[in-house]
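Participant: Mind having a look at this structure? Questions to follow.
Computed from the coordinates by the stated procedures, all read-outs in this text should not be read as laboratory data. Predicted model, so just to flag it, every value in this text is computed and none were measured. Cβ placement follows ideal geometry from the backbone for every residue including glycine, while neighbour counts extend to all protein chains displayed.
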Amino acid sequence: MTTAIKSVRLADTIAEYFERLIREGILRPGEKLSAERDLAEKLAVSRPSLRDGIAKLEEQGLLVITKAGTFVAPFLSPFSEPLSILFSNEPRVLKDYFEFRRLVEGCAARLAAIRATPIDRAKISACLESMKASHDCEDPSEESKLDVDLHILIYEAAHNLVLQHTMQVFSDMLRKGILYSREQLYEHPGVRDAFLAQHIAIAEAILKGDPAAAEDAARGHIDFTGGTIAAIAIEDERIAASMRRLSRADLLSS
């Protein structure tokens, strides 16, 4: 009886441990956990207790167990997928999106400058150095990926769980190119250099613990991004209009 009670309590502790990791965004939706044997060894617990703890999380909908393994539930998907359809069909949403991002990114940068731990600062600094290296190597694809990574690190450094999980949705949408093509944006003349300078300004303000400068730099970055996207859209429409004029003769009777 005593052994059973201890086993149940250990399973609860294991479940609470993983629940905290998911809640804090350390384990992210869709990520695959290590194999049961490896997890049991790393956590120094028995496999039956681990199995019971994971089963509790599956019942709660936080983990999904398949033949391919155990995954963090994609519990954000029901929110992001319908939004992606709405975003793609409503032109004004992009403007609303950048308005929202301007507010939240500024707040996140300000909070990060105040709350970032030494570990947070080290991760932001390392990501910034990787961005500089990708920039020097003229690798816009990798630089674009690191761009999203840096913003996620800033959300984490803000230590606000609601902000972090909300912005994780938008970060995933950016990676998938639902709102706009980041690769196309990075290939636009002057954007890569401007983005690097802006990210350096945001990161350095956070690392120095200057909340006002961090907020201003973050909002300036979003203003620039939104303005550039709008300019590209206008340019694309002008080109499309010119192409339509070229095809005019094909539509008329001779």
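Participant: Provide the packing ranking of 16-25, 192-201, 32-41, i.e. peptides ordered by the mean count of other C-beta atoms within 10 Å per residue, highest first.
Facilitator: Values: 16-25: 15.3, 192-201: 17.1, 32-41: 13.7.
Packing proxy ranking, top to bottom: 192-201, 16-25, 32-41.
Participant: Further question: Peptides 92-99, 128-135: what's the order by average Cβ count within 10 Å, highest mean first?
Facilitator: Values: 92-99: 14.0, 128-135: 17.4.
The densest-packed peptide leads the list: 128-135, 92-99.
Participant: In bins 10 Å wide, starting from 0, what share of all Cα pairs of region 2-72 does each bin hold, as a percent?
Facilitator: 21, 57, 20, 2
Participant: Label points 7 Å out from Cα along the Cβ direction at Arg245 and Arg9: separation in nm?
Facilitator: 8.1 nm
Participant: Give me the one-decimal nm value for the distance between modelled label points at Arg28 and Ala233, 7 Å along each residue's Cα-to-Cβ direction.
Facilitator: That separation, rounded to one decimal, is 2.6 nm.
Participant: Let me ask something additional. Give the long-range amide H neighbours of Leu27: residues separated by 5 or more places, or on another chain, with amide H under 5 Å away, using H modelled in the peptide plane at 1.01 Å from N.
Facilitator: It is Ile22, by chain and number.
Participant: If you average the sequence gap of Cα pairs under 8 Å that are 6 or more apart and divide by the length of region 2-72, what percent do you get for the contact order?
Facilitator: 42 percent
Participant: May I pose another question? Rank by packing, highest mean first: peptides 56-63, 104-111, with packing defined as the count of other Cβ atoms within 10 Å averaged across residues.
Facilitator: Ranked from most to least packed, the peptides come out as 104-111, 56-63.
Participant: For Phe100 and Ser46, what is the calculated FRET efficiency with R₀ set at 45 Å and r taken between the beta-carbons, to the nearest 0.05?
Facilitator: Details: r = 47 Å, r/R0 = 1.04.
E(calc), rounded to 0.05, equals 0.45.
Participant: Based on alpha-carbon centroids, what's the gap between region 213-248 and region 16-42 in Å, whole number please?
Facilitator: 41 Å
Participant: Just add up the charged neighbours of Ala157: K/R +1, D/E -1, any other residue whose Cβ is under 10 Å from the Cβ of Ala157.
Facilitator: With Lys, Arg at +1 and Asp, Glu at -1, the net is +1.
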